[in-house]
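Accompanying notes for the structure given below.
The values are calculated or read from the model by the stated rules, or taken from the named source; none is laboratory data. Please read these numbers as outputs of a predicted model, since none were measured by experiment. Quick reminder, even Gly has a Cβ in these numbers, built from the backbone with ideal geometry, and neighbours come from all protein chains shown.
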Amino acid sequence: MSELARIGVAIDSDLLARFDQLINGRGYTNRSEAFRDLIRDELVQKAWESSDTEVVGTVTLVYDHHVRMLSEKLTDLQHDHHKNILSTLHVHLDHDNCLEVLIVKGKAGAVQRIADALISTRGVKHGQLTLTTTGAGL
Ligand code: NI
């Protein structure tokens, strides 16, 4: 970690009170860590805007495995992109519904396209790509 730098921030007192309430609710014990996390989150979001940046993330899918050929389609898609999909967790939620969580890694553009293809597959009830970082440089 590099040397710590101290900054002063002028902020509206009402806004600060709301911020304190928010971060207290999330378990932060001081503002500095909350500010640092906000900044890191913005940097992670920004990295995803550049399609060549190396990123990691998770794709969450909920689907009904009774939908014809859906499980096969999702598996085929994952095999097509096996280099970008590091791991898959499958949970049988109930008689009909499955939850899959995929750990994805690669160039931001490629990872986004894989997630879009999986999530837009007919029969997927809900899907979400969660963006995160390899941690390098943060
Ligand atoms: Ni299942």
Legend entry - Selection count where residues are in a loop (DSSP other than H, G, I, E, B) and either more than 16 Å from the ligand (Cβ to nearest atom) or among the small types (Gly, Ala, Ser) (or both), scope segment 65-77: 0
Inset, instruction - Go through the residues of segment 48-58 one by one and say whether even a single one is more than 29 Å from GLU33 (Cα to Cα), at pLDDT 95 or above and outside the structural domain of GLU33 (by TED's automatic domain parsing). - result: no
Inset, instruction - Take segment 78-116 and flag every residue that is surrounded by 13 or more Cβ atoms within 10 Å (Cβ to Cβ), more than 16 Å from the chain's Cα centre (by Cα) and away from the ligand (no atom under 16 Å from the Cβ). - result: HIS81
Inset, instruction - Taking LEU38 as meeting all but one of (1) modelled with pLDDT under 90; (2) surrounded by fewer than 13 Cβ atoms within 10 Å (Cβ to Cβ); (3) under 22 Å from GLN128 (Cβ atoms), write down the number of the exception. - result: (1)
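Please verify whether segment 107-119 includes one or more residues that are assigned to a strand (DSSP E or B) and either in contact with a Lys or Arg (Cβ under 8 Å, 6 or more places away or on another chain) or hydroxyl-bearing (Ser, Thr, Tyr) (or both). Working first, answer last.
Looking only at segment 107-119, we keep the residues that are assigned to a strand (DSSP E or B), and these are 107.
Filter once more, so that each one left must be either in contact with a Lys or Arg (Cβ under 8 Å, 6 or more places away or on another chain) or hydroxyl-bearing (Ser, Thr, Tyr) (or both): none.
No, every residue in segment 107-119 fails to be assigned to a strand (DSSP E or B) and either in contact with a Lys or Arg (Cβ under 8 Å, 6 or more places away or on another chain) or hydroxyl-bearing (Ser, Thr, Tyr) (or both).
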Inset, instruction - Output the residues belonging to segment 117-127 that are more than 16 Å from the ligand (Cβ to nearest atom) and either among the polar types (S, T, N, Q) or crowded, with 18+ Cβ neighbours inside 10 Å (or both). - result: SER120
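Conditions (1) closer than 19 Å to GLY135 by Cβ; (2) part of a helix (DSSP H, G or I); (3) touching a residue at least 40 places away in the same chain (Cβ under 8 Å), marked per residue:
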| position | (1), (2), (3) |
| --- | --- |
| ARG18 | no, yes, no |
| GLN21 | no, yes, no |
| ASN24 | no, yes, no |
| GLY27 | no, no, no |
| GLU33 | yes, yes, no |
| SER51 | no, no, yes |
| HIS82 | no, no, no |
| HIS90 | no, no, no |
| LYS105 | yes, no, yes |
